[in-house]
Amino acid sequence: MQLTSLLAFTLAALAVRACPGEEHDHAHAHAHEHARRAYPKTHLAPPTRPLVWGDVNIIHTTDSHGWLLGHQKSSFPEPNYSGDLGDFASFVTHMKQLALEKDVDLLLVDSGDLHDGTGLSDGFPPGGVDGHESNKFLFELPYDVMAIGNHELYIYNNTYDMYKTFAPKLNGRYLSSNVNITVLDKFGKSVSVPVGERYVKFKTRKGRKVTSLGVLFDFTGNDVNTTVQKVEDMVKEHWFAEAIKEEPDFFLLAGHMPVSKDNWPTVFNAVRAVHPTTPILILGGHTHIRDCVQFDGRSMALESGRYMETVGWMSANLDHKGSKKNITFSRRYLDPNRVTYEYHTGRGNFTFDTQTGKSITKGLNNLAEEFDLNQLFGTAPEDYTISQVPFPSNGSLLSLYAEAMKYSLTVNNSRASKQNIMITNSGSQRFDVYSGPFTKNDQLTSSPFADSFLYIPDVPVSIASQVLPALNHAGANERRALIEEYERERYARGDVDMRYLAWLKEMDRRNHGAERRAANNATLGYVTSDSCPGVGDDVIHSPLPFFSFPDFIGTDAPSDLPADAPVDLVFVDFIESQLLEILNGLQSDKKYSSADVQSYTSVLASAVLGIYAEKYWN
């Protein structure tokens, strides 16, 4: 009954908001009024129940990757995540007020990866630094602790920007416990120093003492002049022992490290060895999933998704020091949108926006205009998703990209008349393309990697046509160990696709995806199963469809050619070493090496879809 009345109330409220002339028309807007941008065309289900507040409460973000203007496409699940950073700032302000009224503590924590993901972070003009402008808006939010992520470390200039301009704004609350940067000191000598602080001790509004760390997983893909210390070595450091020596009211461990299948137990056990009963609150990240684990009855570890598709909530009722009883925790995964935010703050459309929130939204829209993110390439005729439809198929983004390569890589190319086979990695596509305007921002989100295309000329078609299948099926017994090693290496270098996709696949399987979608009128979204008690999701959804796809995709081999006919074997530079190994394993007539590899085109992987859209979507 309660859910029905809530739904009726929300739908009625949304109907009132859908005033004439107030349609959601983000595609043609550079800096539309906030009310015009804020609401998707579709109705959104409200949360199923109020949040559970405790003595200490935490709002958590992680892996935002530049998604500060929200998800503005009308195909589900995107409307679930349509709130922007301005909406989130207003939400935090009202939640802080509620915490005052309840006389409890409320902290705001982020677990890293602010870079690489949308035009706001990545669409800067030549000479700029990734995230420099978009990150400024985060200073407007009252973050208590922020931790460094691996995407802050791929490019030294990005790390230096975090060290020089971002960390100082956090007043000692930007944490990089095991991450250093090499800089010049005032004497011109190279020194290795933490990007932020190793740890921080502070008191909450209610006077509770907190010791906080900011830990990064064992990442190996960092740029020169940055260092990441292994977690197992970090906990043996003298500074670590000093940091945890004094007992706080609770430990707040933020970090860019997944709460399952990684090294949080190493940190947790090091703290527990000194403080067997002190409450430990862990806020993790990195694998882009919703997850929760309790290492014992007096701790909770929460991970809150990706791309501002989730805002995490944790609460804890603390007891007296030395108690060995289990603590009562709660956790919730919120869909970041106006309906969610207004429900949990008790606000309506006309009382929700704060001046700070409206200012942030306006500033973000101005930045989008400055970066020309609404530059239109064409209009996508349908949704193209990475894993929600089979590959190959008409609605598959991977099928679309393979088709687009054939056109985009041969435009104005002197090799265009030569027969070819083109190959790339499916991981080159990072986000779905939805029907409607396909803009510069959409290109940056769906296909962000500026990889080059190379080729080997005159490979016999009978050999070249075997390369793609061999790349995808290199799973014979003698190669399985190599595959596992390759996957470990991918993870260490920061690739989270395997974990995230495995999570989606399991979600669809566990919830009997097709049957549940047929029987359930709930909208598509995340349906989370974790190891913490109770239901974690704030809104009930049907699971996203999931279809597996290969690691590598490409164009079909030319037909009706003799076996020895020469073709150009074209491939993305990211896979050169693997491809050469495969090619040499398929034949013995010639030993191929990097000396046989040439540049195929000046068109980068990130530009392929835009060039295609200009030709075929107009």
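Read-outs throughout are calculated quantities, based only on the coordinates presented, and are distinct from any laboratory measurement. Please read these numbers as outputs of a predicted model, since none were measured by experiment. Ideal geometry is used to build each Cβ from the backbone, glycine not excepted, and the neighbour counts take in all protein chains shown.
Structure data summary
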quantity: Area projected by the alpha carbon convex hull of the stretch 305-436, averaged over all directions, nm²; calculated: 15.6 nm²
quantity: Across LYS236/LYS261; LYS164/LYS245; LYS261/LYS321; LYS261/LYS505, pairs whose alpha-carbon gap is larger than 24 Å; calculated: LYS164/LYS245; LYS261/LYS321
quantity: Computed FRET value (nearest 0.05) for SER559 with SER531, which takes r as the C-beta separation and R₀ as 45 Å; calculated: 0.30
quantity: Lys, Arg +1 and Asp, Glu -1 on Cβ, resulting dipole of the stretch 2-370 about Cα centre, debye, nearest 20; calculated: 1140 debye
quantity: In Hz, Karplus ³J(HN,Hα) per residue of the stretch 376-392 (6.51, -1.76, 1.60; θ = phi - 60°; x = Gly, Pro); calculated: 9, 8, x, 10, 5, x, 7, 6, 10, 10, 6, 10, 8, 10, x, 10, x
quantity: Cut-off 18 Å, label 7 Å out along Cα→Cβ of ASP589, residues of the stretch 452-471 by amide N; calculated: 456-468
quantity: FRET efficiency, GLN355 to LYS201 (Cβ-Cβ, R0 25 Å, nearest 0.05); calculated: 0.15
quantity: Sorted by Cβ density within 10 Å, fewest first, the residues MET257, MET308; calculated: MET308, MET257
quantity: Stretchable slack from ASN412 to VAL224, in nm (0.36 nm times residue separation minus alpha-carbon distance); calculated: 64.0 nm
quantity: The stretch 413-471 pair-distance distribution - Cα-Cα, 5 Å bins, rounded %; calculated: 4, 13, 20, 16, 16, 15, 12, 4, 0
quantity: Value in Å of the Kirkwood radius, where the chain supplies the Cα pairs that are averaged; calculated: 25.8 Å
quantity: Computed Kirkwood radius, in angstrom, where 1/r is averaged over Cα pairs of the stretch 2-370; calculated: 21.2 Å
quantity: For GLY70, residues with placed amide H under 5 Å, excluding near neighbours; calculated: LEU85
quantity: Estimated inter-spin distance, LYS102 and GLU232, nm [label 7 Å along Cα→Cβ]; calculated: 4.1 nm
quantity: Rg over Rh [alpha-carbon atoms, Kirkwood Rh] for the stretch 376-616; calculated: 1.01
quantity: Share antiparallel - DSSP beta bridges, the chain, percent rounded to 5; calculated: 55 percent
quantity: Gained length - SER462 relative to ALA450, 0.36 nm times residue gap less alpha-carbon distance; calculated: 1.3 nm
quantity: Check: the chain dipole with +1 on Lys, Arg Cβ and -1 on Asp, Glu Cβ, in debye; calculated: 1880 debye
quantity: Gap separating the Cα centres of the stretch 367-384 and the stretch 215-288, nearest whole Å; calculated: 40 Å
quantity: At R0 = 25 Å, FRET efficiency that the Cβ-Cβ distance of PHE547 and ARG490 yields, to 0.05; calculated: 0.75
quantity: Given charges at Cβ of Lys, Arg, Asp, Glu: the chain dipole, positive-most of SER260, GLY128, SER435; calculated: SER260
quantity: Helix-only CD estimate at 222 nm, as mean residue ellipticity for the chain, using -39500 (n - 2.57) per DSSP H run (n ≥ 4); calculated: -9000 deg cm²/dmol
quantity: Range in the chain, longest, excluding exposed GluC sites (Glu not before Pro) [loop by DSSP; at most 15 other beta-carbon atoms within 10 Å]; calculated: 383-618
quantity: Rounded to whole Hz, the Karplus (6.51, -1.76, 1.60) HN-Hα couplings of the stretch 521-529, x for glycine and proline; calculated: 8, 5, 6, 5, x, 7, 10, 8, 10
quantity: Stretchable slack from LYS136 to GLU369, in nm (0.36 nm times residue separation minus alpha-carbon distance); calculated: 82.2 nm
quantity: Reachable lysines, given that their alpha-carbon falls under 22 Å from the alpha-carbon of LYS358 and they are not under 8 places away in the same chain; calculated: LYS41, LYS73, LYS96, LYS136, LYS169
quantity: Cα→Cβ-extended label distance, 7 Å offset, between ASN269 and HIS473, nm; calculated: 4.3 nm
